[in-house]
Amino acid sequence: MNRALLTGDEAVARGAWEAGCRFAAAYPGTPSTEILESLATYPDVYCEWSVNEKVALEAAIGASLAGARSLAVMKHVGLNVAADPLFSAAYIGVRGGLVIVTADDPGMHSSQNEQDNRFYGLMAKIPVLCPADSQEAKDFIKAAYIISEQFDIPVLLRLTTRIAHSASVVGLEDRTETAPPNYEKQLQKTVLLPAFARLRHRELVLRLDRLQAFTEKTPLNRIEWGNPELGIVCDGVAYQYAREVFPDASFLKLGMVYPFPAELVRQFAGRVRQLAVIEEVDPFIELQVRALGLTVTGKDTLPRTGELTPAIIRAAFGQQSSEHKAEIDLPNRPPALCPGCPHLGLFYALQRQNIIIGGDIGCYTLGALSPHNALDTCIDMGASITFAHGVDKVLANQDPRSRIAVIGDSTFFHSGITGLLNVVYNQSNVITIIADNRTTGMTGHQDHPGTGRTLMGKETVAIDLEQFCRACGINEVVRVDPYLIKETRNTIRRLLNIKKPAVIISQRSCALISARPGAPKKVDAETCSGCRSCLALGCPALSFEKEKAFIISTACIGCGMCAEICPKGAIL
Amino acid sequence: MNLLVCGVGGQGVLLFSDILAQLALTAGLDVKKSEVHGMAQRGGSVTSHIRWGKKIHSPLIEEGTADIIVAFELLEAVRYLHFLAPAGWLIYDPLTIAPLPVQLGLVEQIAPQKLVKRIQNRIQKSLSVRAFDTACTLGNPRVQNTVMLGAVSRLLEFPDDLYCQTIKQLVKPQFVEANILAFRRGQELNPISR
Ligand code: SF4
Ligand code: SF4
């Protein structure tokens with residue numbers, strides 16, 4: 001068998017392909033993005049970036065009911081967006097297997113929270129599988145399709161960042177073709193009118209009972225006997241850490257954490273002296289172990305937030321903590337917007353104005369930090385506009401500060417549109433600025449409805465944001481180039497005075513995909529007064545040395561923004 | 001073998017670790033590799049943990065257990081020193097890239113000599129390799145990572161031709177030659193071999 005080094009994301013893609021998956025839909029989100037990027041390179045699978053996760057899951061339900069094995073992929077918070085169809089999908093069931101991948105982000109490497117999506121299984125009544133490395137990621141997705149079809153139910157495959165973005169060795173197999181899709185109408189199963197849905201709910205509970213019997217027997221859950229002094233129940237990457245820390249202990253490694261294999265756990269607990277649950281973030285397994293009336297060590301010692309590491313487990317179990325302390329007082333190296341990033345100009349234009357600004361999810365969330373300090377919030381996808389709307393409705397007559405929302409183009413398509421419609425319909429004085437950098441920047445440049453290209457590389461209609469916003473009922477729609485800072489600032493000022501909903505499309509390609517607009521700039525040390533005004537732009541290519549501004553020529557892309565704001569004309 | 005690579009986004013840390021991990025796989029070993037990079041594409045701190053051997057469980061290296069740390073930048077070298085095992089090697093590029101808060105004058109820069117002192121006070125086996133400068137003299141700052149790979153290769157157990165084979169496998173065809181040249185130059189920069 002061929003062996004390859006695959007990340008968990010790549011292994012999920014490989015597994016879906018080997019399982020004969022024909023349809024896959026996702027919205028990009030770290031750490032899940034690479035699954036569809038990888039799957040799109042295989043033949044025989046239709047892959048798309050849907051405009052959001054709800055759309056992706058509903059489309060996958062459609063493909064499944066049409067008889068094809070299908071896949072919907074999202075990051076953890078994406079499943080909140082898709083939660084509505086998720087709960088119904090459990091009632092309806094499947095025809096072709098339906099697998100939903102959620103990539104959770106403990107430690108919040110790139111997310112606004114660290115929710116534990118294993119709980120979605122419990123609440124939506126669908127099975128949850130948690131792989132512990134890339135080989136399992138591939139094996140489990142194939143198992144998930146079989147379970148999905150055997151029990152007529154969608155299956156949730158839960159990854160975490162450490163599984164999604166770690167690479168380990170995977171054995172490669174061929175694709176097994178599945179029966180070609182064919183659609184059959186099944187009214188009582190697929191139309192969730194109350195009368196039918198009541199039947200389906202009862203049916204779902206019966207399916208869960210059958211799954212309960214399955215989870216007690218499946219090799220997805222396995223016991224590895226070692227010393228019976230300590231018995232550890234664990235799942236996902238926590239298993240790998242625990243194996244490292246307790247090489248001799250006994251393990252009950254759960255691959256299927258819901259339905260919970262209660263009998264198996266009882267048996268295991270009965271044969272070890274001390275029982276411990278080692279899991280990341282929430283006590284999902286622990287709660288179910290405790291519900292069996294067993295005494296167990298878990299979150300009473302392990303942290304409830306952040307990622308686990310072997311060292312954290314060691315410390316929690318009272319093994320000598322290491323004296324390997326990090327050096328203190330080193331300057332941090334926080335993520336920064338890129339040299340020449342168009343958001344820099346926009347944020348500069350927004351600085352020091354008397355406004356409340358709703359922010360959103362994307363690279364531009366960094367505008368909340370110094371030196372820009374240009375955003376007040378970051379809540380979830382699309383909340384910039386709706387936040388500003390709510391603020392406007394209660395402060396309209398009291399607070400002189402204007403209300404602005406800053407949202408990226410991809411985020412606007414994802415869930416800004418409905419917020420904008422709400423602004424128009426309920427008439428608030430919100431200025432929406434679409435930071436249109438022509439791509440999905442933060443996750444690594446995926447296409448979206450504005451770019452004119454699909455995930456599979458086909459040309460398609462490129463939505464014109466200006467026409468679109470006008471069609472939504474916004475009369476004031478203005479396009480600006482954020483590289484022209486004064487003009488951008490003047491436009492913002494003008495629109496703030498008209499006291500009507502308006503949209504500014506701040507349009508310039510992401511600095512990482514556009515060609516360099518000019519030769520690197522230089523600071524004329526004679527003319528530079530050392531006033532530091534240019535540093536307020538926050539361009540990483542701009543620095544300060546020997547009381548003068550200094551431009552790092554290898555980093556500068558020559559956009560000219562800094563030259564525009566230097567009061568002395570020292571940047572050439 | 002526990003090998004930790006660190007640097008700044010954009011320096012090629014990820015390709016460096018891809019090459020090493022693939023190499024260990026080709027050599028028939030179990031391999032795990034795990035990366036941490038922040039939300040923006042560039043300018044943030046980036047690390048990659050690579051572990052290989054007969055059977056590897058955790059994809060993360062524990063503090064105090066790295067056999068080798070490869071640092072592409074001086075400040076990052078100091079930041080991850082506590083991962084090094086007492087008998088481990090630190091191979092670092094003395095290059096400094098000021099973090100944004102330093103550039104903005106919000107935080108004071110620590111002088112490079114002081115950083116080197118901290119390294120020398122804390123660990124016994126360190127080697128400074130001017131990989132970035134060497135890459136520049138080769139006319140291509142972007143091969144800093146393969147220069148580093150050459151320097152590190154002298155501490156590892158893999159045969160030379162395996163490196164070249166893996167570079168060919170993972171680097172775009174038009175850059176293979178430049179990278180192999182950089183690799184060779186890197187080997188010359190390391191006077192110590194195992
Ligand atoms: S704004 Fe102009 S004068 Fe002021 S520090 Fe920057 S380059 Fe020098
Ligand atoms: S021209 Fe100025 S703002 Fe633009 S990338 Fe260069 S240093 Fe940064």
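The values are calculated or read from the model by the stated rules, or taken from the named source; none is laboratory data. Predicted model, so just to flag it, every value in this text is computed and none were measured. As a convention, Cβ positions derive from the backbone with ideal geometry for all residues, glycine included, and neighbour counts pool all protein chains shown. Just the protein is used for accessible areas: all its heavy atoms, side chains included, with ligands, DNA and RNA removed. Shrake-Rupley method; radii C 1.70, N 1.55, O 1.52, S 1.80 Å.
Selection of the stretch B:86-96 for residues being open to solvent by 20 Å² or more (accessible area, probe 1.4 Å) and either out of contact with any helix residue (DSSP H, G or I) (no Cβ under 8 Å at 6 or more places or on another chain) or modelled with pLDDT under 90 (or both) yields B:86, B:87, B:89.
Sort out which residues of the stretch A:444-477 are open to solvent by 40 Å² or more (accessible area, probe 1.4 Å) and β-branched (Val, Ile, Thr), and write them in order of number. Within the stretch A:444-477, A:454, A:460, A:461, A:463 qualify. Candidates are the residues of the stretch A:314-348 that are crowded, with 24+ Cβ neighbours inside 10 Å and among the hydrophobic types (A, V, I, L, M, F, W, C); the one that is farthest from the other protein chains (Cβ to nearest Cβ) is A:346.
Looking only at the stretch A:524-546, which residues are on the phi > 0 side of the Ramachandran plot and either near ligand 1 (Cβ under 9 Å from one of its atoms) or not in a loop (DSSP other than H, G, I, E, B) (or both)? Hits for the stretch A:524-546 are A:530, A:532.
The number of residues in the stretch B:59-85 being among the aromatic types (Phe, Trp, Tyr) and open to solvent by less than 30 Å² (accessible area, probe 1.4 Å) comes to 2. Within the stretch A:499-534, the residues that satisfy the criterion of being open to solvent by 70 Å² or more (accessible area, probe 1.4 Å), away from ligand 2 (no atom under 13 Å from the Cβ) and within 36 Å of the chain's Cα centre (by Cα) are A:499, A:500, A:513, A:515. Considering (1) free of Cβ contacts under 8 Å to residues at least 60 places away in the same chain; (2) of a type outside the set (Ser, Thr, Tyr); (3) under 15 Å from residue A:385 (Cβ atoms); (4) buried (at least 16 other Cβ atoms within 10 Å of the Cβ), the lone condition that residue A:480 does not fulfil carries the number (3).
Consider the stretch B:101-115 and keep the residues that are open to solvent by 30 Å² or more (accessible area, probe 1.4 Å) and either more than 8 Å from chain A (Cβ to nearest Cβ) or not β-branched (Val, Ile, Thr) (or both). The one that is farthest from residue A:331 (Cα to Cα) is B:113.
Quick check, is residue A:216 loosely packed, with under 15 Cβ neighbours inside 10 Å and of a type in the set (D, E, K, R)? Full working, then the answer.
Working: loosely packed, with under 15 Cβ neighbours inside 10 Å: no; of a type in the set (D, E, K, R): yes.
Judged against the criteria, residue A:216 is not a match.
Scanning the stretch A:547-570 for residues that are free of Cβ contacts under 8 Å to residues at least 60 places away in the same chain, in contact with a helix residue (DSSP H, G or I) (Cβ under 6 Å, 6 or more places away or on another chain) and in a helix (DSSP H, G or I) yields one hit, A:562.
Taking the stretch A:273-285 as the region of interest, how many residues are open to solvent by less than 20 Å² (accessible area, probe 1.4 Å) and more than 19 Å from residue A:314 (Cβ to Cβ)? Talk me through it step by step, then tell me what you get.
Filtering the stretch A:273-285 for residues open to solvent by less than 20 Å² (accessible area, probe 1.4 Å) gives A:275-281, A:284-285.
Now narrow it down to the ones that are more than 19 Å from residue A:314 (Cβ to Cβ): A:284-285.
Residues flagged as open to solvent by less than 20 Å² (accessible area, probe 1.4 Å) and more than 19 Å from residue A:314 (Cβ to Cβ) within the stretch A:273-285 amount to 2.
In the set A:204, A:211, A:192, only one residue is in contact with a Ser or Thr (Cβ under 8 Å, 6 or more places away or on another chain) and over 30 Å from residue A:4 (Cα atoms); that residue is A:192.
Of the residues A:131, A:127, the single one that is touching a residue at least 24 places away in the same chain (Cβ under 8 Å) and touching a Pro at 6+ places or on another chain (Cβ under 9 Å) is A:127.
Just wondering, is there one or more residues in the stretch A:481-497 that are at positive phi and more than 14 Å from chain B (Cβ to nearest Cβ)? No, the conditions are met nowhere in the stretch A:481-497. Does residue A:543 satisfy being touching a helix residue (DSSP H, G or I) at 6+ places or on another chain (Cβ under 7 Å) and among the small types (Gly, Ala, Ser)? So residue A:543 fits the description; yes.
No other residue among A:331, A:310, A:335 is without any contact (Cβ under 8 Å) to a residue 24 or more places away in the chain and farther than 20 Å from residue A:228 by Cβ apart from A:331.
If the condition is being surrounded by 15 or more Cβ atoms within 10 Å (Cβ to Cβ) and modelled with pLDDT of 95 or more, then the stretch A:174-188 contributes only A:175. For first residues located in the stretch A:501-516 and within 14 Å of chain B (Cβ to nearest Cβ), partners that are open to solvent by less than 50 Å² (accessible area, probe 1.4 Å) and of a type in the set (Val, Ile, Thr) and lie 6+ apart or on another chain with Cβ distances below 7 Å form the pairs A:510/A:439; A:511/A:557; A:513/A:439. Quick one: is residue A:84 in contact with a Pro (Cβ under 9 Å, 6 or more places away or on another chain) and either open to solvent by 10 Å² or more (accessible area, probe 1.4 Å) or on the phi < 0 side of the Ramachandran plot (or both)? Considered against the rule, which asks whether it is in contact with a Pro (Cβ under 9 Å, 6 or more places away or on another chain) and either open to solvent by 10 Å² or more (accessible area, probe 1.4 Å) or on the phi < 0 side of the Ramachandran plot (or both), residue A:84 comes out as no.
Of all the criteria given as (1) away from chain B (no Cβ under 14 Å); (2) touching a residue at least 24 places away in the same chain (Cβ under 8 Å), the one not satisfied by residue A:297 is (2).
Please tell me if residue A:537 is near ligand 2 (Cβ under 9 Å from one of its atoms) and either modelled with pLDDT of 95 or more or within 22 Å of residue A:438 (Cβ to Cβ) (or both). Yes, satisfied. The strands (runs of 3 or more DSSP E) found entirely in the stretch B:16-89 that carry 3 or more residues being in contact (Cβ under 8 Å) with a residue 24 or more places away in the chain and facing chain A (nearest Cβ under 7 Å) are B:30-37.
Condition first: modelled with pLDDT of 95 or more and closer than 24 Å to residue B:150 by Cα. Can you find one or more residues in the stretch B:8-15 that meet it?
Checking the stretch B:8-15: not a single residue is modelled with pLDDT of 95 or more and closer than 24 Å to residue B:150 by Cα.
Scanning the stretch A:395-426 for residues that are of a type in the set (S, T, N, Q) and either at pLDDT 95 or above or open to solvent by less than 10 Å² (accessible area, probe 1.4 Å) (or both) yields A:410, A:411, A:415, A:418, A:422, A:426. Looking only at the stretch A:398-445, count how many residues are within 23 Å of the chain's Cα centre (by Cα) and touching a residue at least 40 places away in the same chain (Cβ under 8 Å). The number of residues fulfilling the criteria is 27.
Got a sec? Which of A:551, A:571 is open to solvent by less than 60 Å² (accessible area, probe 1.4 Å), within 10 Å of ligand 1 (Cβ to nearest atom) and in contact with an Asp or Glu (Cβ under 8 Å, 6 or more places away or on another chain)? Steps first, please.
Numbers: A:551 fails: in contact with an Asp or Glu (Cβ under 8 Å, 6 or more places away or on another chain).
Among A:551, A:571, only A:571 is open to solvent by less than 60 Å² (accessible area, probe 1.4 Å), within 10 Å of ligand 1 (Cβ to nearest atom) and in contact with an Asp or Glu (Cβ under 8 Å, 6 or more places away or on another chain).
If you go through the stretch A:482-523 and keep only what is within 16 Å of ligand 1 (Cβ to nearest atom) and not hydrophobic (A, V, I, L, M, F, W, C), you end up with A:486, A:520, A:521, A:522. Of all positions in the stretch A:550-565, none carries a residue that is more than 11 Å from ligand 2 (Cβ to nearest atom) and not β-branched (Val, Ile, Thr).
When the stretch B:116-140 is examined, which residues are found to be among the basic types (Lys, Arg), within 11 Å of another protein chain (Cβ to nearest Cβ) and closer than 24 Å to residue A:543 by Cβ? The one that is among the basic types (Lys, Arg), within 11 Å of another protein chain (Cβ to nearest Cβ) and closer than 24 Å to residue A:543 by Cβ: B:118.
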